[in-house]
Amino acid sequence: MPDRVLAVLTAPHTGSEAPEPFRLVDPDAPVLTVLDLGVTRGDGVFETMGVGAGRAQAVDAHLTRLTRSAAMLDLPAPDESAWRAATIAVAGRLAEHPEAFVKLVYTRGVEGTGTPTGWVLGSSSPDHTVARTEGIDVVVLDRGLRHDSASESPWLLQGAKTLSYAVNMAAMREARRRGADDVLFVSTDGILLEGPTSSILLKVGDRLLTPSTGLGILAGTTQAEAFRFARARGMTTSYEVLGRDALAEADALWFVSSVRNAAPVRSVDGVARAMDPAFTADLNAHLLARRD
């Protein structure tokens with residue numbers, strides 16, 4: 001049972017030609033040149049999706065987002081059929097792991113060649129049971145931009161899932177320095193945004209809310225699935241512009257992402273928050289069982 005599986009795309013973008021769309025290679029073998037712009041400049045995009053029983057979850061939604069992110073960077077349109085085939089092949093080889101994930105990476109390639117690079121790496125997942133059951137501690141950090149900066153400054157690539165994650169990882173390190181597990185970004189004018197690797201959900205009575213994607217944040221695939229789950233239970237769902245006071249008014253909070261799934265928020269800036277264990281358990285059971 002392999003712990004890691006790697007597929008390199010031989011035809012990652014539309015219009016490219018290759019006998020086969022990808023090839024499986026040894027994940028420990030060197031396959032990427034140091035001249036690749038994904039390495040030297042973080043010039044590329046990526047997606048990560050969960051794998052259950054050897055099947056990648058929400059493949060279409062992730063490929064749609066990959067294509068949208070690529071367009072925002074003026075990268076050639078990804079060949080979604082090639083990426084889908086590679087993703088399915090990699091995920092299938094992880095079927096014996098209780099939980100796994102695949103990461104799709106698409107870069108501009110070596111400067112001057114005009115040929116993008118693409119690969120799909122699959123791996124077994126760490127155990128997220130503690131975060132899912134005991135909750136996480138969150139700190140609120142200023143992202144340094146107004147909530148309307150995405151429309152005013154599109155070159156900042158807000159809402160694109162780019163490889164340039166240095167700021168996100170620095171924020172996570174700051175959270176650990178403050179004794180917390182994760183970060184909630186807010187705009188300079190006090191509007192809730194997202195986590196470095198997660199979307200936030202707020203439960204208010206029978207409503208499930210999340211910040212509007214018009215704020216230049218990533219459209220969460222797991223968040224969208226959580227909304228479908230909530231609506232099936234008779235709840236209403238909504239994308240909204242929410243201030244920091246919404247955190248105190250919510251009955252419960254969650255951070256959701258493709259691999260960790262739903263992690264209830266136990267505290268915000270050191271202030272304890274109520275959790276909803278029953279809803280959390282049902283939501284995680286639904287997310288872990290999905291096969292689309």
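Structure data summary
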{"item": "Matching option when the condition is within 12 Å of residue 118 (Cα to Cα), buried (at least 19 other Cβ atoms within 10 Å of the Cβ) and of a type outside the set (D, E, K, R), among 32, 6", "result": "6"}
{"item": "Filtered residues of the range 116-136 (kept if closer than 20 Å to residue 57 by Cα and of a type outside the set (Val, Ile, Thr))", "result": "118, 119, 121, 122, 123, 124, 125, 126, 127, 128, 132"}
{"item": "Residue match in the range 143-158 (condition: aliphatic (A, V, I, L, M), on the phi > 0 side of the Ramachandran plot and in a loop (DSSP other than H, G, I, E, B))", "result": "yes"}
{"item": "Hits in the range 186-207 (condition: among the polar types (S, T, N, Q) and either closer than 27 Å to residue 50 by Cα or in the same structural domain as residue 50 (by TED's automatic domain parsing) (or both))", "result": "197, 198, 199"}
{"item": "Residue within the range 75-97 that is crowded, with 18+ Cβ neighbours inside 10 Å, aliphatic (A, V, I, L, M) and not in a helix (DSSP H, G or I) present", "result": "yes"}
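The values are calculated or read from the model by the stated rules, or taken from the named source; none is laboratory data. No experiment lies behind these values; they were computed from the predicted model shown. Methodologically, a virtual Cβ is constructed for each residue, glycine included, from the backbone with ideal geometry; neighbour enumeration extends over all protein chains shown.
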